[in-house]
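This report concerns only the one structure given below.
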Amino acid sequence: RALRWWMGLLCVACFALSHLRASRALSQFLERRQQLIEELPLPARCMVSAAVESSPQLRDGTLSYVVDASEVDCAGSLASGPVRVLLHGGPAELRRGDHLVAYADLAPVSWFDNPDAGDALPGAARRGELLSGVVQGLELTARSGSPLALIDAARHFVRARIDATYSPPAIPLARALVLGENDLDLSDDRAFKRSGLAHLLAVSGTHLVLAIVALVRGLKALLVRCYALASRYDVERLAAALGIPLALGYADFAGGSGSAWRAAWMLCVLFGARALGRRSQAWLSLAAASAVALGFDALAPFDISFTLSAAATSGLVLCSGLLRGRLARLTFAPLRWLAEALAATASAVACCLPFMALLSPSFTVIGLLANLVAGPIGELAALPVCLFHTLLSCWPEAEKGAALVG
């Protein structure tokens with residue numbers, strides 16, 4: 001009982017600390033934004049000397065990325081201190097860490113106060129973008145060779161191969177599934193949302209778990225066949241240790257959404273425990289992943305993909321604990337599989353409903369049944385084929401075939 005009291009007090013203290021950090025982040029963002037408005041004659045044509053900070057994303061045919069500007073000069077007026085700027089336009093081969101000088105039409109980042117859409121300020125403060133604008137001219141002054149730059153180079157290559165091999169209507173779907181770029185046609189976007197299947201095109205935690213667990217199992221199968229290694233070491237623990245950088249790297253390659261990072265940190269905890277020869281519970285790994293996310297970003301709960309992913313995972317963990325024994329009593333295998341799939345989907349959706357209500361006033365019950373059919377197709381068929389497609393550029397016929405099947 002004393003331990004429960006201490007755990008309760010620790011939870012209250014962590015909640016209070018998170019509240020203070022989030023409030024401070026919001027106030028600092030608003031103060032810095034107001035300072036820039038007073039310093040610069042915005043909107044204006046400005047010279048920006050900066051380094052690329054975020055992985056470039058392609059949307060509506062235009063590259064969008066965030067830079068950390070060391071200098072912003074608008075008609076002779078200089079901004080004091082570094083400024084985070086969202087730029088649209090530039091060469092497709094831009095990478096994180098690249099240094100550039102850009103001439104862009106800049107204005108303060110603004111948002112609309114829509115009562116039905118919630119408060120947009122926390123999301124803007126979380127991204128930290130103070131200015132935004134369209135690039136009119138850009139010169140690269142230095143190229144980066146960091147690991148993050150190599151990941152961006154791989155994203156650029158995969159994006160180019162998708163554009164070259166997929167049919168035009170499928171290109172946005174493939175980029176959403178593989179690279180996490182939300183650039184769907186309006187009719188496709190509306191159809192996926194109305195059917196309750198929009199999560200299939202997001203790089204969700206399920207995507208990351210399927211891909212990384214398959215890779216780790218493949219590594220284990222290769223390592224166990226190396227007699228010199230397998231006779232001296234526990235190759236399962238070695239494969240689990242290698243799974244940690246694989247999980248983090250894939251989460252970044254796939255767009256770095258909140259749900260992907262949540263799943264990546266959960267996998268890191270599970271793989272780390274396995275590499276150390278210990279067991280880890282799902283609740284503990286989820287708590288650790290959430291703590292890491294909040295440690296890096298005080299406003300992480302305002303990332304809707306992170307919040308929905310954590311809620312859905314909580315529902316799945318709860319479902320596995322409460323319903324596994326009861327559903328095991330069903331002797332007819334197809335009926336048991338259907339009941340387990342429906343229970344898992346309903347548990348995940350039930351925990352997400354309060355947050356989904358903030359995004360949309362409607363919810364389609366048919367989405368529960370649609371997920372039973374579309375889920376396996378998306379997760380177990382389309383995703384592996386689309387990921388395998390990224391490795392087939394040296395075999396054009398197979399690459400086109402994988403694009404067609406995907």
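The criterion of at least 3 residues that are touching a strand residue (DSSP E or B) at 6+ places or on another chain (Cβ under 9 Å), at pLDDT 90 or above and not hydrophobic (A, V, I, L, M, F, W, C) is met, among strands (runs of 3 or more DSSP E) falling completely within segment 18-129, by 62-74, 99-108. The residues on offer are Ala104, Ala149, and the sole one that is buried (at least 16 other Cβ atoms within 10 Å of the Cβ) and either β-branched (Val, Ile, Thr) or more than 23 Å from the chain's Cα centre (by Cα) (or both) is Ala104. Scanning segment 155-168 for residues that are charged (D, E, K, R) and open to solvent by less than 40 Å² (accessible area, probe 1.4 Å) turns up Arg155, Arg159. Comparison of Ser49, Ser64, Ser70, Ser54 shows that the only residue that is under 17 Å from Arg96 (Cβ atoms), open to solvent by 40 Å² or more (accessible area, probe 1.4 Å) and among the small types (Gly, Ala, Ser) is Ser70.
Whether any residue in segment 289-303 is closer than 17 Å to Cys351 by Cα, in a loop (DSSP other than H, G, I, E, B) and not aliphatic (A, V, I, L, M) is what I want to check. Yes, some residue in segment 289-303 is closer than 17 Å to Cys351 by Cα, in a loop (DSSP other than H, G, I, E, B) and not aliphatic (A, V, I, L, M). Condition test on Leu246, is it buried (at least 17 other Cβ atoms within 10 Å of the Cβ) and part of a helix (DSSP H, G or I)? So Leu246 passes the test. Within segment 169-206, the set of residues being open to solvent by less than 20 Å² (accessible area, probe 1.4 Å), of a type outside the set (Lys, Arg), assigned to a helix (DSSP H, G or I) and within 19 Å of Leu58 (Cβ to Cβ) comprises Ala174, Ala176, Leu177, Val178, Leu179. Would you check if there is a residue in segment 263-280 being modelled with pLDDT under 85 and among the β-branched types (Val, Ile, Thr)? Scanning segment 263-280, I find no residue that is modelled with pLDDT under 85 and among the β-branched types (Val, Ile, Thr), so the answer is no. The condition (being free of Cβ contacts under 8 Å to residues at least 24 places away in the same chain, of a type outside the set (A, V, I, L, M, F, W, C) and open to solvent by less than 50 Å² (accessible area, probe 1.4 Å)) is satisfied by just one residue among Gly81, Gly89: Gly81. Looking only at segment 121-142, filter to residues that are without any contact (Cβ under 8 Å) to a residue 60 or more places away in the chain and closer than 19 Å to Ile37 by Cα; which one of those is least open to solvent (accessible area, probe 1.4 Å)? Per the criteria, the residue is Ser132. Looking only at residues in segment 221-237 that are part of a helix (DSSP H, G or I) and surrounded by fewer than 17 Cβ atoms within 10 Å (Cβ to Cβ), which one is nearest to the chain's Cα centre (by Cα)? Out of the qualifying residues, it is Arg237. Residues in segment 249-285 that are within 28 Å of Ala149 (Cα to Cα) and either surrounded by fewer than 18 Cβ atoms within 10 Å (Cβ to Cβ) or without any contact (Cβ under 8 Å) to a residue 12 or more places away in the chain (or both): Gly249, Gly256, Gly272. Against the condition of a type outside the set (D, E, K, R), open to solvent by 50 Å² or more (accessible area, probe 1.4 Å), free of Cβ contacts under 8 Å to residues at least 60 places away in the same chain and under 26 Å from Ala370 (Cα atoms), how does Val213 come out, does it pass? Spelling it out, it is not the case that Val213 is of a type outside the set (D, E, K, R), open to solvent by 50 Å² or more (accessible area, probe 1.4 Å), free of Cβ contacts under 8 Å to residues at least 60 places away in the same chain and under 26 Å from Ala370 (Cα atoms).
On the stretch given as segment 370-390, residues that are without any contact (Cβ under 8 Å) to a residue 12 or more places away in the chain, of a type in the set (A, V, I, L, M) and touching a helix residue (DSSP H, G or I) at 6+ places or on another chain (Cβ under 9 Å) total 2.
The values are calculated or read from the model by the stated rules, or taken from the named source; none is laboratory data. Given the structure is predicted, the values throughout are model-derived calculations rather than measurements. So basically every Cβ, Gly included, is an ideal-geometry build from the backbone, and we count neighbours across all protein chains shown. Accessible surface areas use protein heavy atoms only, side chains included; no ligands, DNA or RNA. Shrake-Rupley method; radii C 1.70, N 1.55, O 1.52, S 1.80 Å.
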